[in-house]
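All of the numbers you see were taken from the coordinates with simple rules; none came from a lab. For clarity, every value in this text was computed on a predicted model and none was experimentally measured.
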Amino acid sequence: MNDTCYPCDCYDVGSHGRSCNTSTGQCHCRSGVIGRRCDMCASRSAEVTLNGCEVVYDACPRSFHSGIWWNRTPFGSLARQSCPRRANGIAVRLCNGSADGWLEPDLSDCTSDAFVNLKSQVCTSDILSRAVLI
């Protein structure tokens, strides 16, 4: 038996409301929509809409991956989004024009808030050290 509790956190567009199963956290999904939060489609070429999952023929569909909502993007284009929560920078993801669709996102420019704070403390410390030496 799993004693983990999950918040509902249902995706408004993909679910039939904000309530969920109190044991599993599974939201009540629209037709064809999957995922605990009702935020995915089984088909890589479909996106979650108020009507359920709908296939997109001329672009990579809007989707949630790596903590980021990626907007619908034309084939052959690079999508740019802010990094996920508690990180700074820009994440990028290529919408490949072949059957691959979305490629894995590049989060190499995403820096955690904790690291950004640490870096600013180190830089401030370095400036103070140089000021004392002068």
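What would the Debye equation give as log₁₀ I(q)/I(0) for segment 1-55 at q = 0.18, 0.29 Å⁻¹, counting only Cα atoms as equal point scatterers? Once normalised to I(0) and log-transformed, intensities are -0.52, -1.02. Gain in length, HIS16 to SER45, computed as 0.36 nm per residue apart minus the alpha-carbon separation, to one decimal in nm? Extra length available between HIS16 and SER45 comes to 8.2 nm.
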